[in-house]
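S.K.: Mind having a look at this structure? Questions to follow.
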């Protein structure tokens, strides 16, 4: 079975500051890793994903994430945030063997202050 | 390109009334389809998923049901709503089970 832990439920940060949203997972099989973003009253959209290859993954809107297999982490980072980045961010994992289930973390609410 | 539609966008229903939420996908065939519920301030709870017409897997036993009458149509239903059914309902599709999921705009349901 898989599980996802997003270590911070809320992250307040000032505009133009860097931010890191933390995600740890556990799984007995290899997984794909995803970060999704949800703006208020909207559905989720994909920010980035790790399937294989380079452990540093770049996504939309200047976000990037690094897969660390030994620490089973997939932290999301942005060097300089904007007010428009205020949203909820979800980490998710999907096993690519042994059948399906995508597991979502509980979400981290990023609040960017002017 | 693919698009996913959900309706209605907002719904206010009395306790004990029936429910029908509809989701349709355009621009792809044989998608995997999902229904999620998001309670206020909480994460996503997978309710149902479907890998094909008439094939429904339930993740959480409750008073909700799902049906897939056509390849790109997914319906969430209830015969009698409970207060606890209030929330934000999201439909999603993916080309494969472990692949990226593409979400609809959601339906906000308030049961009074």
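S.K.: Please pull out the direction-averaged projected area of segment A:4-47, using the convex hull of its alpha-carbon atoms, in nm² to one decimal place.
M.R.: 4.3 nm²
S.K.: Please arrange A:111, A:96, A:104 by how many other C-beta atoms lie within 10 Å of their C-beta, fewest to most.
M.R.: If I rank by nearby Cβ atoms, fewest first, I get A:111, A:96, A:104.
S.K.: Now a separate question. Restricting everything to alpha-carbon atoms, can you work out Rg to Rh for the protein assembly as shown with a Kirkwood hydrodynamic radius?
M.R.: Details: Rg = 17.7 Å, Rh = 18.2 Å.
That ratio equals 0.97.
S.K.: Right, another one. Would you give the gap between the C-alpha center of segment B:1-80 and the C-alpha center of segment A:1-19, rounded to a whole Å?
M.R.: Taking the Cα centre of segment A:1-19 as reference, the centre of segment B:1-80 is 29 Å away.
S.K.: Binning at 10 angstrom from zero up to the longest distance, how are the C-alpha pair distances of segment B:3-111 distributed in percent?
M.R.: All Cα pairs considered, the percentages come to 16, 52, 28, 4.
S.K.: With chain B treated as a Gaussian network of Cα nodes joined by springs under 10 Å, which of B:102, B:49, B:34 yields the largest mean-square fluctuation?
M.R.: B:102
S.K.: A follow-up question, please. Starting from the 7 Å offset along Cα-to-Cβ, what nm value, one decimal, do you get for the label separation of residue A:52 and residue A:111?
M.R.: Each label point lies 7 Å from its Cα, and together they span 4.3 nm.
S.K.: Which of these, B:29, B:77, B:67, has the largest mean-square fluctuation under a Gaussian network model of chain B (Cα springs below 10 Å)?
M.R.: Of B:29, B:77, B:67, the Gaussian network model singles out B:29 as fluctuating most.
S.K.: What fraction of the DSSP beta bridges in chain A is antiparallel, stated in percent and rounded to the nearest 5?
M.R.: Here the share of antiparallel DSSP bridges comes out near 90 percent.
S.K.: With N denoting the number of residues in segment A:3-113, provide Rg(C-alpha) divided by 2.2 N^0.38 Å, to two decimal places. If you can, show how the numbers build up before the last one.
M.R.: Working: Rg = 13.4 Å, N = 111, 2.2 N^0.38 = 13.2 Å.
Its radius of gyration relative to the 2.2 N^0.38 Å reference: 1.02.
S.K.: Sticking with this structure for a sec: Top mean-square fluctuation among A:97, A:72, A:55, Gaussian network model of chain A, C-alpha springs under 10 Å?
M.R.: Among A:97, A:72, A:55, the largest GNM mean-square fluctuation belongs to A:97.
Here, each number is a calculation from the coordinates, and none is a lab measurement. Because the structure is predicted, anything quoted here is derived from the model rather than measured. Heads up, the Cβs are rebuilt from the backbone with ideal geometry, glycines too, and the neighbour counts pull from every protein chain shown.
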